[in-house]
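Colleague: Have a look at this one.
The values are calculated or read from the model by the stated rules, or taken from the named source; none is laboratory data. Owing to the predicted nature of the structure, the values given are computational and were not obtained by experimental measurement. Here the Cβ positions follow ideal geometry from the backbone for every residue, glycine too, while neighbour counts run over all protein chains shown.
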Amino acid sequence: MRESIVAVTPLPWPPEWRRPPLGGWLGAVVFGLLALVLVPVGILALTAGHRVGAAVIAAMLLVLAPVAAGTRPRRREYAVEEVSLEVAGVRQTGVRVPVRPASPLVSLALAILGLAITGLGVAAFVIAAVRGEWSALLGFVVLLVIGSVLLLGGIVGLVTSRRRLGLDLTPSHLVVGLGGDPVVLTWEQVARIGTSSVRYGLGAAARPVQNWLTVVTREPVDVAAAIPADRLGADPVLVYHTLRYYLDNADARPEFGTGAAVRRLAAGEVVVQPGR
(Lines give C-alpha, C1' and ligand atoms only; values in the text may rest on other atoms or scores of the structure.)
Protein backbone atom coordinates (compact mmCIF):
# COMPACT_ATOMS: atom_id res chain seq x y z
CA MET A 1 0.00 0.00 0.00
CA ARG A 2 1.38 3.40 -0.94
CA GLU A 3 1.08 6.26 1.51
CA SER A 4 1.52 9.92 0.59
CA ILE A 5 3.36 11.76 3.32
CA VAL A 6 4.41 15.34 3.93
CA ALA A 7 6.30 16.25 7.08
CA VAL A 8 4.22 18.69 9.10
CA THR A 9 7.27 20.63 10.33
CA PRO A 10 10.20 21.93 8.25
CA LEU A 11 13.28 19.73 8.60
CA PRO A 12 16.86 21.04 8.81
CA TRP A 13 18.64 21.25 5.47
CA PRO A 14 21.33 18.53 5.25
CA PRO A 15 24.96 19.63 5.63
CA GLU A 16 27.03 20.01 2.46
CA TRP A 17 23.97 20.14 0.21
CA ARG A 18 23.56 23.17 -2.03
CA ARG A 19 20.25 24.57 -3.15
CA PRO A 20 19.90 24.41 -6.96
CA PRO A 21 20.16 27.74 -8.78
CA LEU A 22 16.94 29.23 -10.11
CA GLY A 23 15.00 26.68 -8.11
CA GLY A 24 16.21 23.87 -10.37
CA TRP A 25 15.12 25.55 -13.61
CA LEU A 26 18.65 26.42 -14.76
CA GLY A 27 18.73 23.80 -17.52
CA ALA A 28 15.38 24.90 -18.94
CA VAL A 29 16.38 28.57 -18.82
CA VAL A 30 19.70 27.90 -20.58
CA PHE A 31 17.91 25.85 -23.25
CA GLY A 32 15.37 28.64 -23.75
CA LEU A 33 18.09 31.25 -24.21
CA LEU A 34 19.95 28.94 -26.59
CA ALA A 35 16.79 28.35 -28.59
CA LEU A 36 16.20 32.12 -28.84
CA VAL A 37 19.58 32.41 -30.54
CA LEU A 38 19.63 29.23 -32.64
CA VAL A 39 16.10 29.32 -34.04
CA PRO A 40 16.60 32.65 -35.90
CA VAL A 41 20.04 31.47 -37.05
CA GLY A 42 18.49 28.25 -38.35
CA ILE A 43 15.76 30.16 -40.19
CA LEU A 44 18.34 32.46 -41.78
CA ALA A 45 20.44 29.45 -42.80
CA LEU A 46 17.40 27.77 -44.37
CA THR A 47 16.34 30.88 -46.30
CA ALA A 48 19.93 31.29 -47.53
CA GLY A 49 19.92 27.75 -48.88
CA HIS A 50 22.20 26.25 -46.21
CA ARG A 51 19.99 23.26 -45.54
CA VAL A 52 22.72 21.21 -43.88
CA GLY A 53 23.44 23.96 -41.35
CA ALA A 54 19.73 24.38 -40.64
CA ALA A 55 19.37 20.61 -40.18
CA VAL A 56 22.30 20.53 -37.75
CA ILE A 57 20.76 23.32 -35.65
CA ALA A 58 17.38 21.57 -35.66
CA ALA A 59 19.01 18.30 -34.60
CA MET A 60 20.84 20.05 -31.75
CA LEU A 61 17.61 21.55 -30.45
CA LEU A 62 15.76 18.23 -30.74
CA VAL A 63 18.48 16.46 -28.75
CA LEU A 64 18.85 19.19 -26.11
CA ALA A 65 15.10 19.64 -25.55
CA PRO A 66 14.52 16.34 -23.67
CA VAL A 67 17.77 16.85 -21.76
CA ALA A 68 16.52 20.22 -20.52
CA ALA A 69 13.11 18.73 -19.77
CA GLY A 70 14.73 15.96 -17.75
CA THR A 71 16.58 18.42 -15.51
CA ARG A 72 13.52 20.48 -14.58
CA PRO A 73 12.11 20.26 -11.03
CA ARG A 74 9.61 17.46 -10.77
CA ARG A 75 6.53 17.39 -8.60
CA ARG A 76 7.21 14.85 -5.87
CA GLU A 77 4.45 12.56 -4.70
CA TYR A 78 6.03 12.32 -1.25
CA ALA A 79 5.00 8.69 -1.33
CA VAL A 80 6.41 5.72 0.51
CA GLU A 81 5.17 2.20 0.14
CA GLU A 82 4.82 -0.65 2.59
CA VAL A 83 6.30 -3.74 0.96
CA SER A 84 6.92 -7.38 1.73
CA LEU A 85 10.32 -8.56 0.59
CA GLU A 86 12.80 -11.34 1.17
CA VAL A 87 16.12 -10.21 2.63
CA ALA A 88 18.89 -12.66 3.56
CA GLY A 89 16.46 -15.53 3.15
CA VAL A 90 13.87 -14.06 5.53
CA ARG A 91 10.51 -12.59 4.49
CA GLN A 92 10.11 -9.16 6.08
CA THR A 93 7.76 -6.20 5.94
CA GLY A 94 9.38 -2.87 5.31
CA VAL A 95 9.05 0.59 3.84
CA ARG A 96 10.15 1.47 0.32
CA VAL A 97 11.19 4.95 -0.73
CA PRO A 98 10.86 5.04 -4.54
CA VAL A 99 13.86 6.07 -6.63
CA ARG A 100 13.06 7.53 -10.02
CA PRO A 101 14.98 6.10 -12.96
CA ALA A 102 16.94 8.44 -15.18
CA SER A 103 14.57 10.21 -17.55
CA PRO A 104 13.90 7.97 -20.56
CA LEU A 105 13.78 11.10 -22.72
CA VAL A 106 17.34 11.97 -21.70
CA SER A 107 18.46 8.38 -22.31
CA LEU A 108 16.78 8.40 -25.73
CA ALA A 109 18.46 11.71 -26.60
CA LEU A 110 21.86 10.31 -25.59
CA ALA A 111 21.28 7.20 -27.68
CA ILE A 112 20.27 9.25 -30.74
CA LEU A 113 23.22 11.61 -30.30
CA GLY A 114 25.58 8.66 -29.86
CA LEU A 115 24.21 7.01 -32.99
CA ALA A 116 24.62 10.23 -34.97
CA ILE A 117 28.21 10.74 -33.80
CA THR A 118 29.01 7.11 -34.56
CA GLY A 119 27.56 7.62 -38.04
CA LEU A 120 29.81 10.64 -38.55
CA GLY A 121 32.77 8.52 -37.49
CA VAL A 122 31.89 5.83 -40.02
CA ALA A 123 31.45 8.52 -42.68
CA ALA A 124 34.92 9.88 -41.84
CA PHE A 125 36.35 6.38 -42.26
CA VAL A 126 34.63 5.88 -45.63
CA ILE A 127 35.91 9.26 -46.87
CA ALA A 128 39.41 8.37 -45.71
CA ALA A 129 39.25 5.00 -47.47
CA VAL A 130 37.89 6.43 -50.74
CA ARG A 131 40.25 9.40 -50.92
CA GLY A 132 43.23 7.71 -49.38
CA GLU A 133 43.46 10.50 -46.79
CA TRP A 134 44.33 8.35 -43.82
CA SER A 135 45.00 11.39 -41.66
CA ALA A 136 41.23 11.40 -41.05
CA LEU A 137 41.49 8.09 -39.19
CA LEU A 138 42.15 9.90 -35.92
CA GLY A 139 38.84 11.72 -36.28
CA PHE A 140 37.16 8.39 -37.03
CA VAL A 141 38.54 6.83 -33.84
CA VAL A 142 37.59 9.82 -31.67
CA LEU A 143 34.06 10.02 -33.06
CA LEU A 144 33.60 6.26 -32.80
CA VAL A 145 34.65 6.21 -29.14
CA ILE A 146 32.50 9.20 -28.15
CA GLY A 147 29.51 7.95 -30.12
CA SER A 148 29.79 4.43 -28.69
CA VAL A 149 29.96 5.71 -25.11
CA LEU A 150 26.91 7.95 -25.56
CA LEU A 151 24.98 5.22 -27.37
CA LEU A 152 25.78 2.64 -24.68
CA GLY A 153 24.88 5.10 -21.92
CA GLY A 154 21.55 5.84 -23.57
CA ILE A 155 20.71 2.16 -24.00
CA VAL A 156 21.64 1.37 -20.39
CA GLY A 157 19.49 4.29 -19.23
CA LEU A 158 16.52 3.05 -21.25
CA VAL A 159 16.87 -0.45 -19.82
CA THR A 160 17.26 0.86 -16.25
CA SER A 161 14.21 3.10 -16.60
CA ARG A 162 12.04 -0.03 -16.84
CA ARG A 163 13.27 -1.50 -13.54
CA ARG A 164 11.71 -1.01 -10.15
CA LEU A 165 14.08 1.08 -8.05
CA GLY A 166 14.01 2.14 -4.44
CA LEU A 167 15.38 2.20 -0.92
CA ASP A 168 13.95 -0.63 1.16
CA LEU A 169 14.08 -0.15 4.92
CA THR A 170 13.33 -3.20 7.08
CA PRO A 171 13.86 -3.86 10.80
CA SER A 172 17.14 -5.64 10.02
CA HIS A 173 18.39 -4.35 6.66
CA LEU A 174 18.82 -1.38 4.36
CA VAL A 175 18.57 -2.34 0.68
CA VAL A 176 19.56 0.16 -2.02
CA GLY A 177 18.35 -0.63 -5.54
CA LEU A 178 19.54 1.77 -8.24
CA GLY A 179 19.25 -0.44 -11.33
CA GLY A 180 22.13 -2.88 -10.95
CA ASP A 181 22.58 -5.52 -8.25
CA PRO A 182 21.02 -4.16 -5.06
CA VAL A 183 23.26 -3.21 -2.15
CA VAL A 184 22.08 -5.22 0.85
CA LEU A 185 23.37 -4.11 4.26
CA THR A 186 22.42 -4.84 7.84
CA TRP A 187 21.93 -1.71 9.89
CA GLU A 188 24.97 -2.75 11.95
CA GLN A 189 27.14 -2.61 8.83
CA VAL A 190 26.24 1.04 8.20
CA ALA A 191 28.59 3.54 9.82
CA ARG A 192 26.83 6.73 8.77
CA ILE A 193 24.56 8.42 6.27
CA GLY A 194 26.53 11.14 4.54
CA THR A 195 25.84 13.98 2.15
CA SER A 196 27.83 15.54 -0.64
CA SER A 197 27.26 18.03 -3.40
CA VAL A 198 28.78 18.52 -6.84
CA ARG A 199 28.61 21.82 -8.71
CA TYR A 200 29.33 21.47 -12.40
CA GLY A 201 31.17 24.01 -14.51
CA LEU A 202 33.56 26.83 -13.65
CA GLY A 203 33.29 30.44 -12.56
CA ALA A 204 30.98 32.31 -10.24
CA ALA A 205 27.93 32.16 -12.48
CA ALA A 206 24.92 29.96 -11.68
CA ARG A 207 25.89 26.33 -12.24
CA PRO A 208 23.99 23.03 -12.08
CA VAL A 209 24.10 21.31 -8.70
CA GLN A 210 23.83 17.61 -7.92
CA ASN A 211 23.23 16.63 -4.28
CA TRP A 212 23.94 13.08 -3.10
CA LEU A 213 23.08 10.81 -0.20
CA THR A 214 25.84 8.34 0.68
CA VAL A 215 25.73 5.14 2.69
CA VAL A 216 29.10 4.53 4.36
CA THR A 217 29.97 1.11 5.79
CA ARG A 218 32.07 0.30 8.86
CA GLU A 219 34.33 -2.53 7.69
CA PRO A 220 35.72 -1.84 5.26
CA VAL A 221 35.16 1.89 5.51
CA ASP A 222 33.69 2.61 2.12
CA VAL A 223 30.83 4.31 0.30
CA ALA A 224 28.55 1.35 -0.35
CA ALA A 225 25.93 3.39 -2.22
CA ALA A 226 25.57 6.92 -3.57
CA ILE A 227 22.03 8.08 -4.29
CA PRO A 228 21.25 11.19 -6.37
CA ALA A 229 18.91 13.25 -4.19
CA ASP A 230 16.86 14.52 -7.12
CA ARG A 231 15.93 10.95 -8.08
CA LEU A 232 14.26 10.19 -4.77
CA GLY A 233 10.50 9.83 -5.06
CA ALA A 234 10.01 11.41 -1.64
CA ASP A 235 11.36 14.61 -0.14
CA PRO A 236 15.18 14.12 -0.11
CA VAL A 237 15.52 16.08 3.15
CA LEU A 238 12.95 13.81 4.80
CA VAL A 239 14.70 10.70 3.46
CA TYR A 240 18.07 11.90 4.77
CA HIS A 241 16.73 12.46 8.28
CA THR A 242 14.79 9.19 8.19
CA LEU A 243 17.90 7.14 7.39
CA ARG A 244 19.91 8.89 10.09
CA TYR A 245 17.15 8.49 12.68
CA TYR A 246 16.75 4.76 12.23
CA LEU A 247 20.51 4.23 12.02
CA ASP A 248 20.94 5.92 15.40
CA ASN A 249 17.82 4.42 17.04
CA ALA A 250 17.94 0.65 16.79
CA ASP A 251 14.99 0.25 19.14
CA ALA A 252 12.76 2.12 16.64
CA ARG A 253 13.53 -0.13 13.64
CA PRO A 254 10.72 -2.63 14.38
CA GLU A 255 8.38 0.20 13.30
CA PHE A 256 9.14 -0.73 9.69
CA GLY A 257 7.15 -3.93 10.18
CA THR A 258 4.09 -2.33 11.77
CA GLY A 259 3.30 0.78 9.74
CA ALA A 260 4.39 3.04 12.60
CA ALA A 261 7.35 4.21 10.50
CA VAL A 262 5.02 5.78 7.94
CA ARG A 263 3.24 7.71 10.67
CA ARG A 264 6.57 8.87 12.09
CA LEU A 265 7.69 10.12 8.66
CA ALA A 266 4.41 11.96 8.17
CA ALA A 267 4.87 13.72 11.50
CA GLY A 268 8.49 14.60 10.69
CA GLU A 269 9.64 12.99 13.95
CA VAL A 270 12.94 11.81 12.47
CA VAL A 271 15.47 14.47 13.46
CA VAL A 272 18.47 13.08 15.32
CA GLN A 273 19.15 15.06 18.46
CA PRO A 274 22.43 17.04 18.51
CA GLY A 275 25.37 15.12 19.88
CA ARG A 276 24.17 11.72 18.69
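Colleague: Any residue at all in region 190-198 that is of a type in the set (Lys, Arg) and modelled with pLDDT under 90?
Modeller: Residues of region 190-198 of a type in the set (Lys, Arg): 192.
Now restrict to residues that are modelled with pLDDT under 90: none.
The answer is no; no qualifying residue exists.
Colleague: Another one. Given the conditions (1) crowded, with 19+ Cβ neighbours inside 10 Å; (2) modelled with pLDDT under 90; (3) within 24 Å of the chain's Cα centre (by Cα), report the number of the one that Ala261 does not fulfil.
Modeller: (3)
Colleague: Please verify whether Thr242 is of a type in the set (Val, Ile, Thr), surrounded by fewer than 19 Cβ atoms within 10 Å (Cβ to Cβ) and assigned by TED's automatic domain parsing to the domain that holds Val176, treating the condition exactly as stated.
Modeller: On the way: of a type in the set (Val, Ile, Thr): yes; surrounded by fewer than 19 Cβ atoms within 10 Å (Cβ to Cβ): no; assigned by TED's automatic domain parsing to the domain that holds Val176: yes.
Answer is no for this residue.
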